[in-house]
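**Student:** The structure follows.
Just so you know, all these numbers are worked out from the coordinates, no wet-lab data involved. All values reported here derive from a predicted model rather than from experimental measurement. Using ideal geometry, Cβ is built from the backbone for each residue, glycine included, and neighbour counts are taken over all protein chains shown.
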Amino acid sequence: MFTCPWYNSSPLKRILQLSAVALLTIFFLGLFLWNSNLSDVWMRIKGASLPWVLVGLSANVGALFGRTLRWRVILNADPPPRFYPTFFANTVGYMLSIILPIRASDVARPALLARRTSVRFPAALGTVLTERVFDLFSILVLFVYFGVRRWHEFSTNPATAKAFYIVEAGVVGAAVLLGLLLVLVIGVFFFRHRIRAMHAFVGRLVPVRFRDAWMRFFDSFASSLEIIRRPREFAPVALLTAAIWLLLQSQFWFVVQALHHPLPFDSSFFVGGVTTVGLAIPTPGGVGGFHKACQIVLTKFYGFDIDGSVAVALLFHVVGTAPVLFTGLGLLAREGVRIKDIQSETMNEERSL
């Protein structure tokens with residue numbers, strides 16, 4: 001039911017998947033690097049201000065701690081899971097999403113947590129979707145805020161008017177998604193039985209052996225959303241979510257400061273929203289799609305040349321992934337855990353559903 005395709009597929013299917021991912025990665029990297037001078041790009045990166053880079057890396061680490069604290073509250077366990085095993089599960093899960101071409105963390109994080117704490121896998125799995133709702137809501141609100149604030153500036157400026165459709169379509173799309181999120185939350189709150197019946201109807205399309213797990217997943221998600229009704233718990237979750245996304249979005253601003261090409265702080269909301277679309281392309285860590293999305297914004301709206309946009313996108317990606325990657329690998333080494341062990345733990349938890 002919730003099986004991750006990164007380990008549960010036949011050898012031929014795995015080869016085909018990896019080949020498709022490799023082709024996508026090469027294609028988007030080719031688009032991104034087209035007409036760039038890599039020597040010039042390297043010189044610009046070498047000239048980056050180290051203190052600003054370190055601040056950006058620190059912001060990423062801070063977001064990891066914030067995500068861990070928030071997850072402990074959303075889990076609503078009594079007693080809450082200890083910080084270290086929660087941090088381990090959280091960080092290693094996000095690390096998997098960097099090195100694998102899918103959202104591996106969505107299943108691996110709950111499995112790793114369930115193996116190290118008293119929190120049950122089905123309950124933890126439902127909270128992942130709740131986290132996604134909070135995160136998506138934050139990204140969309142920030143992008144809509146940016147679009148409304150800069151609407152007149154970008155639509156009337158001859159240098160950006162031709163590409164304004166990106167902002168226009170983005171704001172409209174973000175507003176629609178915000179509306180759908182609100183409908184989902186309102187539906188779960190006030191029409192829970194009807195939404196559950198719809199979920200059960202869709203569940204008839206999955207194999208019989210998975211239907212109980214399908215419903216437990218919905219029940220866990222609906223229960224975790226109940227946190228909105230509890231102000232004493234919802235308030236820290238809302239504050240932590242705001243802090244997490246302020247830290248994550250500010251990384252871009254720190255990077256352009258480091259490369260001596262400062263931009264307004266709200267440019268981070270623009271780049272953050274557009275690169276989220278690039279990350280949806282199934283390549284490892286969003287390689288290629290993330291970079292091209294960032295480049296489009298920089299060249300079409302902020303007057304960057306190709307080499308400057310390549311330097312910013314590359315350094316931005318390093319700042320946004322290196323702390324998670326190396327912290328996750330360090331935790332695996334500390335615990336003596338291998339990727340194969342995570343596969344085994346995840347499969348065992350899925351069988352228990």
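**Student:** Compute the distance in nm between two label points, each set 7 Å from the Cα along the Cα-to-Cβ direction, one at Ala242 and one at Ser58.
**Tutor:** Label at Ala242, label at Ser58, 2.2 nm between them.
**Student:** Given a cut-off of under 8 Å on Cα pairs at least six residues apart, what relative contact order in percent is computed for the stretch 245-353?
**Tutor:** 20
**Student:** Here is a further query. Helix 231-258: angle to the longest alpha-carbon principal axis of the chain, degrees 0 to 90, nearest 10?
**Tutor:** Tilt of helix 231-258: around 30 degrees.
**Student:** Okay, moving on. To make sure I understand, if each residue's beta carbon is the centre and we count other beta carbons within 10 Å, what order do Arg14, Arg338 fall in, fewest to most?
**Tutor:** Least to most surrounded, the residues fall as Arg338, Arg14.
**Student:** Given R₀ = 25 Å, FRET efficiency for Arg229-Phe201 by Cβ-Cβ distance, to 0.05?
**Tutor:** Given R0 = 25 Å and the Cβ-Cβ separation, E is 0.40.
**Student:** On to the next question. What does a probe at Ala159 reach in the stretch 292-320, counting residues whose amide N is under 19 Å from the point 7 Å along Cα→Cβ?
**Tutor:** From the stretch 292-320, the list is 294-313.
**Student:** Still on this model: Which order do Thr86, Thr276 fall in if you start with the one that has the fewest other Cβ atoms within 10 Å?
**Tutor:** Thr276, Thr86
**Student:** Quick one: compute the contact order of the chain, relative version, from alpha carbon pairs under 8 angstrom and 6+ residues apart, as a percent. Let's see the in-between values first.
**Tutor:** Details: 430 pairs, mean separation 118.2, N = 353.
For the chain, the relative contact order is 33 percent.
**Student:** Helix 339-351: angle to the longest alpha-carbon principal axis of the chain, degrees 0 to 90, nearest 10?
**Tutor:** 40
**Student:** In which sequence would Ser39, Ser223 go, from the one with the fewest C-beta neighbours within 10 Å to the one with the most?
**Tutor:** Going from least to most buried by this count: Ser39, Ser223.
**Student:** Follow-up. By per-residue mean of other Cβ atoms within 10 Å, what is the highest-first order of 322-330, 189-197?
**Tutor:** Top to bottom by mean Cβ count within 10 Å: 322-330, 189-197.
**Student:** I would also like to ask the following. Can you tally the lysine pairs in the chain where the Cα-Cα distance is under 19 Å and the two residues are eight or more apart, or on different chains?
**Tutor:** Close lysine pairs under the 19 Å cut-off: 4.
**Student:** What is the extension gain from Asp219 to Leu181, computed as 0.36 nm multiplied by their sequence separation minus the C-alpha to C-alpha distance, in nm to one decimal?
**Tutor:** 11.9 nm
**Student:** For the pair Val337/Ser118, report the inter-label distance in nm, with labels modelled 7 Å from Cα in the Cβ direction.
**Tutor:** Here the modelled spin labels are 2.0 nm apart.
**Student:** Continuing with the same structure: At what distance in nm do the modelled label points of Leu325 and Leu50 sit from each other, each positioned 7 Å from its Cα along Cα→Cβ?
**Tutor:** Each label point lies 7 Å from its Cα, and together they span 2.1 nm.
**Student:** Percent of Cα-Cα pairs per 10 Å bin, from 0 to the last occupied bin, for the chain, please list those.
**Tutor:** 5, 22, 32, 27, 12, 2, 0
**Student:** Quick one: the Cα spread of the stretch 66-132 along its three principal axes, in angstroms, biggest first?
**Tutor:** That gives 35, 22, 21 Å along the principal axes, largest extent first.
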